[in-house]
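The values are calculated or read from the model by the stated rules, or taken from the named source; none is laboratory data. Fair warning: this is a prediction, and the values are worked out from it, not measured in the lab. Cβ placement follows ideal geometry from the backbone for every residue including glycine, while neighbour counts extend to all protein chains displayed. In case anyone asks, the SASA skips ligands and DNA or RNA and just uses the protein heavy atoms, side chains included. Shrake-Rupley method; radii C 1.70, N 1.55, O 1.52, S 1.80 Å.
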Amino acid sequence: MNATAYYGTLDVIARETLGLKAHFTTWDGHPVAGLPIQFTTTGERFPMCEATTDFGGWAECKNGPVPPPVSLANLLVNGYDAVWLGNRRFAPVSAHNNIGLG
């Protein structure tokens, strides 16, 4: 399976992420629906939100509060990961991208 994460933003004053989005497809490019995707901090690996892929293979956390233990500096420096933990049909996969000030 292939995974691609897209650039997200961080509202520091509201302490929330905006537009964390990832796309999951089979090796031959077909979208995979119904996968629970975890959006985590890179490095700390702390969960921020979870979204299920739609029929187009997209999972998105549009707006989500950043949990208190998560370092905003870590998010800005290291970004985030969209993680599929795997099952009997699909192996685990993850994708990484950055988060900027929004």
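Quick notes
- Of all residues in the stretch 60-82, those that are touching a Lys or Arg at 6+ places or on another chain (Cβ under 7 Å) and either open to solvent by less than 30 Å² (accessible area, probe 1.4 Å) or within 17 Å of ALA22 (Cα to Cα) (or both) total 2.
- Residues in the stretch 52-61 that are in contact (Cβ under 8 Å) with a residue 24 or more places away in the chain, outside any loop (DSSP other than H, G, I, E, B) and not charged (D, E, K, R): TRP58, ALA59, CYS61.
- Matching residues in the stretch 20-50 - criterion: being without any contact (Cβ under 8 Å) to a residue 60 or more places away in the chain, in a strand (DSSP E or B), open to solvent by less than 30 Å² (accessible area, probe 1.4 Å) and out of contact with any Leu (no Cβ under 8 Å at 6 or more places or on another chain): THR25, ILE37, THR40
- Residue list for the stretch 62-102, restricted to those being farther than 18 Å from GLY34 by Cα and part of a loop (DSSP other than H, G, I, E, B): VAL66, PRO67, PRO68, PRO69, VAL70, SER71, GLY79, ASN98, GLY102
- Number of the exception - ALA3 against (1) crowded, with 17+ Cβ neighbours inside 10 Å; (2) of a type in the set (Gly, Ala, Ser); (3) on the phi > 0 side of the Ramachandran plot: (3)
- Counting only residues that are surrounded by fewer than 18 Cβ atoms within 10 Å (Cβ to Cβ) and touching a Leu at 6+ places or on another chain (Cβ under 8 Å), the stretch 83-102 holds 5 of them.
- Annotation note: of GLU16, GLU60, GLU44, the sole residue that is at pLDDT below 95, of a type in the set (Asp, Glu) and in contact with a strand residue (DSSP E or B) (Cβ under 6 Å, 6 or more places away or on another chain) is GLU16.
- If only residues of the stretch 44-78 that are of a type in the set (Gly, Ala, Ser) and over 10 Å from the mean Cα position of the chain (by Cα) are counted, the one that is nearest to GLY8 (Cα to Cα) is GLY64.
- From the list PHE24, PHE46, the lone residue that is aromatic (Phe, Trp, Tyr) and farther than 16 Å from THR4 by Cβ is PHE46.
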